[in-house]
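The structure appears right after this line, and notes come after that.
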Amino acid sequence: MAAPLLQVRDLCASIEEGELLHGIDLDIRAGETHVLMGPNGAGKSTLGYTLMGNPGYKVTKGSIVFDGEDITKLTTDKRAAKGMFLSFQNPLEVPGLSLEEFLRNAIRQQTGKPIKIFTFKKQLEDTMSLLQMDASYADRDLNVGFSGGEKKKAEILQLLMLSPKLAILDETDSGLDVDAVRTVSRGIEEYQKKKNGALLIITHSTKILEALKVDYTHILVKGKLVHTGGPELVDEINEHGFEKFTGAGDQ
């Protein structure tokens, strides 16, 4: 079996108020789709931010190895350059920087190579069409005046344009109507076609998962991974909730 693309061992992380993650072990291999679920306040977003190197979360123990390299102490921008991507639950607005300019800069930083403008524009046009985004959004300031749904589509647009090795999607379906969920899910399906691209999908709802191939489902409770199963675990959570697992976090 191939070595994991992401290997997390005994990971503990804290903020000023105290420790939030307790001894997380997680392996994600290229091409796999993992789902992370759990009750509110379990630490799901905290794990995503910690993996991506958000400076607000301090790793107090353990390690994060990505693509064979220990990245535990690397900054967020360096992790992104190595092929990691995090979509935000609440995407930030960036006045003065258009969506197209942002994408060009991000791709240039990721590859370290000049961008072929014609090829870039054609890919951008095709990807926006796939996500049913009006082409005019490319010239608008990043997320400024975007609806909630358009902000989430812009995140998936970034995912498809950057084509990272590992994508962490944090509540990408939050606040979306049924049609928008389908569109975002279609974008994630497109990313899954990249055979070596891996996904960690953090979600409360399971609607976004209906059309996706899921390999593993993890349950996080009070900062601990208390159970791992296959895609059938999603159906179990839908039917019975987290009650079966919530006591395990105290053990």
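Quick notes on this one:
- Within the shell defined by Cβ-Cβ distances under 15 Å, the residues around ILE208 carry a net charge of -3, with Lys and Arg each +1 and Asp and Glu each -1.
- For the chain, size of Cβ-based charge dipole, Lys and Arg +1, Asp and Glu -1, in debye: 960 debye
- Rounded FRET efficiency, nearest 0.05, which uses the C-beta distance separating LYS207 from GLU243 and R0 of 22 Å: 0.55
- For region 1-141, the Stokes-Einstein estimate of translational diffusion at 25 °C and a viscosity of 0.890 mPa s comes to 141 µm²/s, using the Kirkwood hydrodynamic radius over alpha-carbon pairs.
- Prolate/oblate/rounded label for region 10-82 (Cα gyration tensor, a/c 1.5): oblate
- Considering only alpha-carbon pairs that sit under 8 angstrom and 6 or more positions apart, the relative contact order computed for the chain is 25 percent.
- C-alpha center-to-center spacing [region 174-251, region 1-42] in angstrom: 14 Å
- Label separation (VAL144 vs ASP126): 3.1 nm, computed from points 7 Å beyond Cα along the C-beta direction.
- Of the residues ILE28, VAL65, ILE168, the one whose Cα sits farthest toward the positive end of the charge dipole of the chain, with +1 on the Cβ of Lys and Arg and -1 on the Cβ of Asp and Glu, is VAL65.
- Angle in degrees between helix 99-111 and the longest Cα principal axis of the chain, rounded to the nearest 10: 70 degrees
- Pairwise inverse Cα distances across the chain, averaged and inverted, put the Kirkwood hydrodynamic radius at 18.7 Å.
- The three principal axes of the Cα atoms in region 172-228 give end-to-end lengths of 32, 30, 14 Å, sorted in falling order.
- Long-range amide H partners of LEU20 with built H, under 5 Å: ALA13, SER14, ILE15
- When the GluC sites (Glu not before Pro) in region 145-251 are filtered for DSSP coil states and for at most 14 other beta-carbon atoms within 10 Å of their beta-carbon, the remaining sites are GLU210.
- Leading residue at positive end of dipole, the chain (Cβ point charges), from ASN90, VAL144, THR111: THR111
- Taking the protein heavy atoms of the chain in the context of the full set of protein chains, the accessible area attributed to carbon and sulfur is 50 percent at 1.4 Å.
- Near HIS227, the amide H atoms lying under 5 Å from its own belong to ILE219; only residues 5 or more places off or on other chains count, and H is placed 1.01 Å from N.
- The GluC sites (Glu not before Pro) of region 67-110 that meet both conditions, a loop assignment by DSSP and at most 15 other Cβ atoms within 10 Å of the site Cβ, are GLU93.
- Value of relative contact order over region 186-251, rounded to a whole percent, pairs C-alpha under 8 Å and six or more apart: 25 percent
- Average accessible surface for the chain: 49 Å² per residue, computed with a 1.4 Å probe over protein heavy atoms with every protein chain in place.
- Quarter of the Cα convex hull surface for region 82-187, i.e. its orientation-mean projected area (nm²): 6.3 nm²
- Extension gain (nm, one decimal) between ALA135 and ALA2, 0.36 nm per residue minus Cα-Cα: 43.8 nm
- Helix 178-192 axis versus longest C-alpha principal axis of the chain: approximately 90°, rounded to the nearest ten.
- Trypsin sites (Lys or Arg not before Pro) within region 9-103, DSSP loop, no more than 13 other Cβ atoms inside 10 Å: LYS73
- Net charge contributed by nearby residues that have their C-beta within less than 14 Å of LYS58 (K/R +1, D/E -1): -1
- Annotation: the antiparallel percentage among DSSP beta bridges lying fully within the chain is about 60.
The values are calculated or read from the model by the stated rules, or taken from the named source; none is laboratory data. Note that the coordinates shown come from a computational prediction; the quantities given were computed from them, not determined experimentally. Because the Cβ atoms are built from the backbone with ideal geometry, glycine has one as well, and the counts that use them run over all protein chains shown. We work out accessible area using only protein heavy atoms, side chains counted, and drop any ligands, DNA or RNA first. Shrake-Rupley method; radii C 1.70, N 1.55, O 1.52, S 1.80 Å.
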